[in-house]
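The values are calculated or read from the model by the stated rules, or taken from the named source; none is laboratory data. It should be emphasised that the depicted structure is a prediction, and the values quoted were computed from it without experimental measurement. Here the Cβ positions follow ideal geometry from the backbone for every residue, glycine too, while neighbour counts run over all protein chains shown. With ligands, DNA and RNA removed, areas are computed over all heavy atoms of the protein, side chains included. Shrake-Rupley method; radii C 1.70, N 1.55, O 1.52, S 1.80 Å.
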Amino acid sequence: MNIKSLHPIPKDRKLRVAAYARISNDKEVLETSLAEQIKNYTSLIVQNPNWEFAGIYPDNGKSGSDAIHRKEFIAMIENARLGLIDIILVKSVSRFARNLIDLLELVREFRLKGIEIYFEEQEVSSLDVKADQMITVCAKFAEEELFTVSENVKWRYEKNKKEGKYSLPPNLYGYRTINGQIIVAPDEAKWVKTIYSMCLDGYGSSLIIRYLKENQVPSPTGKASWGHNTICSILRNEKYVGDCLIQKTFKTVVGKKWSNKNRGEDDMVLVRNGHTPIIDRETWDRVQAILDERC
């Protein structure tokens, strides 16, 4: 990699160089692996006699459209603002950010502070004022690419919804998806049945949580203790009876990771008996009646 840095080398110290690495889930085929990016950038920095290693900041599976969920990116920016970084290396403009306004504001802020961002793919330094036009074009292209990908995903999702096709969340307790097939996870399913059984016997969430803790059952997130919301979510989730309500949430902004709860803004489709149930229909109906009465 040939880095054409425009940052002047201080006489009394080495340049503090960091790198930002990211792979994103908004593309079907991921680029260079995160581990490989980290290895390449680390080697590049430590081998330069004029540079001092200032860290690698990797974000795995994060979208470039919104920095709020990119913890490493935020940490890197704050460290640069604190004067701990002179140069930031990054693969491309789209890897750094896809929000044009935020990108240009950051480039200009750092330029005034003498902090350089070097975009490897474009061979462009942010210290070059003439590079603003190229950065703008690349960022605009990345924004349009994100919009196109998002629209394609939305179209495919709508098509699947009309056909009653769906997939379960990868972290849904009690299930696994293997080669596109929804499979019951027996070790977790037995505790789902226990939760429903205890609810039928009149136990509230506090007593259910105590029972699970006494039996050393880890929560869906691997914690020692379960939360009340987790118990309620399992008891209310129609997926445990083999159904799936499609379109519970919707997105109002293209490219954003967060969604809003669907309160009638979009059509929902209920697919019944679409996958193997953990809870039988009679038990499910009785539990829902109990929960409705408690509410």
Query raised in the report: Taking segment 104-137, which GluC sites (Glu not before Pro) meet the DSSP loop condition and have no more than 15 other C-beta atoms within 10 Å?
Result: Glu121, Glu123
Query raised in the report: When only DSSP loop residues count, what trypsin sites (Lys or Arg not before Pro) in segment 173-237 have their Cβ near at most 13 other Cβ atoms within 10 Å?
Result: Lys223
Requested in this report: State the percentage of accessible surface on segment 159-236 attributable to carbon and sulfur atoms; use a 1.4 Å probe and exclude ligands, DNA and RNA.
Outcome: 49
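Using the Cβ atoms and a cut-off under 15 Å, what net charge is assigned to the surroundings of Arg108, where Lys and Arg are +1 and Asp and Glu are -1? Before the final figure, lay out the partial values.
Numbers: positive: Arg81, Arg111, Lys113, Lys130; negative: Asp102, Glu105, Glu109, Glu116, Asp128, Asp132.
Counting the neighbours of Arg108, the net charge comes to -2.
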Report summary line: Along segment 166-176, Karplus-curve 3J(HN,Hα) (6.51, -1.76, 1.60; θ = phi - 60°) to the nearest Hz, with x for Gly and Pro, reads 7, 9, 8, x, x, 9, 5, 4, x, 9, 9
